[in-house]
Amino acid sequence: MESALKFTESHEWVLDNGDGTVTIGISNQAQKLLGDVVFVDLPAVGDTTEAGEAFSLVESVKAASDLYAPVTGEVVEINDELEGSPELINESPYSAGWIVKIKLENAAELDTLMSSEDYHAANEE
């Protein structure tokens with residue numbers, strides 16, 4: 001699955017769901033850098049995101065880190081499992097630890113993101 005993901009330089013990943021929506025989370029490298037995640041400030045369903053703008057916050061035992069929207073759109077689903085189990089981001093960053101699903105405003109924005117290969121080469125995971 002990971003090869004199907006696209007990434008941002010700020011370590012968010014994006015999965016095109018093929019239905020006009022994308023799923024977003026943070027990379028394995030990002031969760032390692034953060035350490036044990038203790039809280040995720042989730043946006044609300046219906047909130048809009050602007051590519052490059054902060055849309056969420058992840059807090060760990062080491063630091064708090066803004067998450068930046070890789071795409072512009074509307075939040076259509078949040079991973080409310082994270083409210084009670086934020087450690088899912090550490091345990092399973094590419095599946096159970098997803099953060100939001102967004103309905104794309106402009107699918108062409110996906111073309112501006114890094115491929116999985118390029119991301120891993122740049123970050124030497």
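Within region 112-125, the set of residues being out of contact with any strand residue (DSSP E or B) (no Cβ under 6 Å at 6 or more places or on another chain) and in a helix (DSSP H, G or I) comprises T112, S116, E117, D118, H120, A121, A122, N123.
Can we say V71 is in a loop (DSSP other than H, G, I, E, B), crowded, with 17+ Cβ neighbours inside 10 Å and aliphatic (A, V, I, L, M)? Yes; evaluated as a whole, the condition is true for this residue.
With respect to the conditions (1) without any contact (Cβ under 8 Å) to a residue 40 or more places away in the chain; (2) hydrophobic (A, V, I, L, M, F, W, C); (3) in contact with an Asp or Glu (Cβ under 8 Å, 6 or more places away or on another chain), A44 lacks only one, and its number is (3).
Working carefully through the options L33, L57, find the one that is surrounded by 13 or more Cβ atoms within 10 Å (Cβ to Cβ), at pLDDT below 95 and not in a loop (DSSP other than H, G, I, E, B).
L33
Within region 87-107, residues that are of a type in the set (F, W, Y) have Cβ atoms under 9 Å from residues that are assigned to a loop (DSSP other than H, G, I, E, B) and crowded, with 16+ Cβ neighbours inside 10 Å in these pairs: Y94/L5; Y94/S27; W98/N79, counting only partners at least 6 apart in sequence or on another chain.
Within region 9-30, being surrounded by 13 or more Cβ atoms within 10 Å (Cβ to Cβ), in contact (Cβ under 8 Å) with a residue 60 or more places away in the chain and farther than 18 Å from S95 by Cα holds for one residue alone: G20.
Looking across region 39-54, just one residue is part of a strand (DSSP E or B), of a type outside the set (A, V, I, L, M, F, W, C) and over 13 Å from the mean Cα position of the chain (by Cα), and that is T48.
Note on region 17-71: residues that are closer than 15 Å to E109 by Cα and small (G, A, S) total 5.
Sort through G97, G73, G35 and tell me the only one that's small (G, A, S) and under 12 Å from the mean Cα position of the chain (by Cα).
Only one candidate passes the filter, namely G97.
Kindly establish whether V40 is over 22 Å from E124 (Cβ atoms), surrounded by 14 or more Cβ atoms within 10 Å (Cβ to Cβ) and touching a helix residue (DSSP H, G or I) at 6+ places or on another chain (Cβ under 8 Å). Judged against the criteria, V40 is a match. Residues in region 80-95 that are assigned to a loop (DSSP other than H, G, I, E, B) and within 14 Å of V40 (Cα to Cα): D80, S85, P86, E87, P93.
Pick from E109, E77: which is surrounded by 13 or more Cβ atoms within 10 Å (Cβ to Cβ) and assigned to a strand (DSSP E or B)? Result: E77 is the single residue among E109, E77 that is surrounded by 13 or more Cβ atoms within 10 Å (Cβ to Cβ) and assigned to a strand (DSSP E or B).
The values are calculated or read from the model by the stated rules, or taken from the named source; none is laboratory data. This one's a predicted model, so the numbers in the text were calculated from it and none came from an experiment. Note that each Cβ is placed from the backbone with ideal geometry, even for glycine, and that neighbours are counted across all protein chains shown.
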